[in-house]
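See structure below.
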Amino acid sequence: MNIDGKPWRTIWLEPDGHAGLDAIGVIDQTLLPHQFTTRTLRSCDEAAEAIRSMVVRGAPLIGVTGAYGLMLALQADPSDAALAVAFEQLNATRPTAINLRWALERVRARVQPLPPEQRAEAAKAEAAAIAEEDVAMGEAIGGHGLQLFQELAAARPPERRGEPLNVLTHCNAGWLATVDWGTALAPIYKAHRAGLKVHVWVDETRPRNQGASLTAWELGREGVPHTVIVDNAGGHLMQHGEVDAVIVGSDRTTRSGDVCNKIGTYLKALAARDNGVPFYVALPGSTIDWAISDGLAEIPIEARSAEEVTYIQGQLVGAASAGAIARVRLTPEASDAFNPAFDVTPARLVTALITERGVTPASEEGLSRLYGVAADPASAAAVPG
Ligand code: MRU
């Protein structure tokens, strides 16, 4: 993606590294949209902390950061014991998105059979491959989603054909959540670049406001018309014919097509179903957990700090402190808060899954056909690479 004319990815190898070892560059997403700042990660500890504190976030991006984190760990100590400790440390940072474990397992499988002195280089190659594949998957998802959007636009009554396609999205599943392109936003970028008029309703996405802060920011950089709405506005807009489609990402997709995404996604799916609005979920294959079938029972839901609910972060306005980023308290000091970060939308509420391999019904049969995995729990180990 471009920022002020310069192409950026969300994660990169710093050309000069540090102290003869590699270092990883990332965009600090905790400061957007007010400050565009990059950070350098020099150790596995720093990579783990960047994931935990959401300097980097979004299922695919935390996977790639985890992979590079293992590389940093192995550059410091390539032993079996260090590999095991780093794997557990990184894997424990965020529990819901399966991409993290998937990427860590890929790197571990590549390096474990090697002699220690070859491990760091192999981890670097594997992490880079995961990053490149992520970009390719996002772009492919964009292409498949663009076709769907073109069909939706063409199916509108003649009097509405000149209007933009109104698409609602929740959280941030754009290029900031991946290495580039994004998942749910990739079709929007493809549509915008292809000249299909699109307007995006951006759910603010309390409590961390990934929609208001990140999605709005990246859509703005790309020149895509958009409007930020409070999380509770979507149902009202759907009732009044203001939403042509909902599209969201996924942090974990079961083999049966249940999807787990940012808290509040389920309510959007319910409203979409009640109003006959198509509800699409865009995801790369790295988000599918072939080992589970029942999203509600089997996906661990991350509970984040209550302070994300009781405080809000923003930029101060007014002469004295203009520009400074500050946290302010929202709730009475004595009130408890609870902060589940994700929810599960059952497959029955999903119109279709948009993957890098094409569009499919949200079902075990559909996913199995697309990925060449037998629709049988016993074969769950046969996960495509
Ligand atoms: O808590 P976050 O910001 O990491 O949550 C991100 C999301 O919920 C995204 O929608 C999801 O990771 C899919 S991104 C391609």
Query raised in the report: So which pairs qualify, if the first residue must be in the range 49-61 and of a type in the set (S, T, Y), the second must be part of a loop (DSSP other than H, G, I, E, B), the Cβ gap must be under 8 Å, and the two must be at least 6 apart or on different chains?
Result: S53/T30
Query raised in the report: Which of the following residues is over 30 Å from L70 (Cα atoms) and of a type outside the set (G, A, S): T169, T178, T183?
Result: T169
Query raised in the report: Has the range 355-368 got at least one residue that is surrounded by fewer than 17 Cβ atoms within 10 Å (Cβ to Cβ), at pLDDT 95 or above, under 14 Å from T254 (Cα atoms) and within 16 Å of the ligand (Cβ to nearest atom)?
Result: no
Query raised in the report: What is the residue count in the range 256-287 for residues that are part of a helix (DSSP H, G or I) and within 23 Å of V64 (Cβ to Cβ)?
Result: 4
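How many residues does the range 272-284 contain that are surrounded by 21 or more Cβ atoms within 10 Å (Cβ to Cβ) and touching a helix residue (DSSP H, G or I) at 6+ places or on another chain (Cβ under 8 Å)?
7
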Report task. Output the number of the condition that L61 fails; it satisfies all remaining conditions of (1) under 24 Å from the mean Cα position of the chain (by Cα); (2) under 30 Å from L196 (Cβ atoms); (3) surrounded by fewer than 24 Cβ atoms within 10 Å (Cβ to Cβ). Result -> (3)
Report task. Only residues that are assigned to a loop (DSSP other than H, G, I, E, B) and either within 19 Å of the chain's Cα centre (by Cα) or farther than 18 Å from N209 by Cα (or both): list them for the range 288-311, please. Result -> W290, A291, I292, S293, D294, I299, P300, I301, E302, R304
Query raised in the report: If we keep just the residues of the range 285-306 that are within 13 Å of the ligand (Cβ to nearest atom) and out of contact with any strand residue (DSSP E or B) (no Cβ under 7 Å at 6 or more places or on another chain), which is farthest from L237 (Cα to Cα)?
Result: S286
Query raised in the report: Among D258, D231, D251, which is the only one that is farther than 16 Å from V198 by Cα, within 15 Å of the ligand (Cβ to nearest atom) and in contact with a Cys (Cβ under 7 Å, 6 or more places away or on another chain)?
Result: D251
Query raised in the report: part of a helix (DSSP H, G or I), surrounded by fewer than 24 Cβ atoms within 10 Å (Cβ to Cβ) and in contact with a Lys or Arg (Cβ under 9 Å, 6 or more places away or on another chain): does that describe G143?
Result: yes
Query raised in the report: Any idea which of P78, P95 is away from the ligand (no atom under 16 Å from the Cβ), at pLDDT 95 or above and not in a helix (DSSP H, G or I)?
Result: P78
Query raised in the report: So which pairs qualify, if the first residue must be in the range 110-127 and within 11 Å of L83 (Cβ to Cβ), the second must be in a helix (DSSP H, G or I) and polar (S, T, N, Q), the Cβ gap must be under 6 Å, and the two must be at least 6 apart or on different chains?
Result: A120/Q75
Query raised in the report: Can you tell me which of A184, A153, A173 is at pLDDT 95 or above, buried (at least 18 other Cβ atoms within 10 Å of the Cβ) and not assigned by TED's automatic domain parsing to the domain that holds L267?
Result: A153
Query - Extreme residue, surrounded by the most Cβ atoms within 10 Å (Cβ to Cβ), among residues of the range 30-58 that are in contact with a helix residue (DSSP H, G or I) (Cβ under 6 Å, 6 or more places away or on another chain) and part of a loop (DSSP other than H, G, I, E, B) - result: G58
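The values are calculated or read from the model by the stated rules, or taken from the named source; none is laboratory data. Since the structure is predicted, the reported quantities are computational estimates derived from the model, not experimental observations. Glycine gets a Cβ as well: all are built from the backbone with ideal geometry, and neighbour counts include every protein chain shown.
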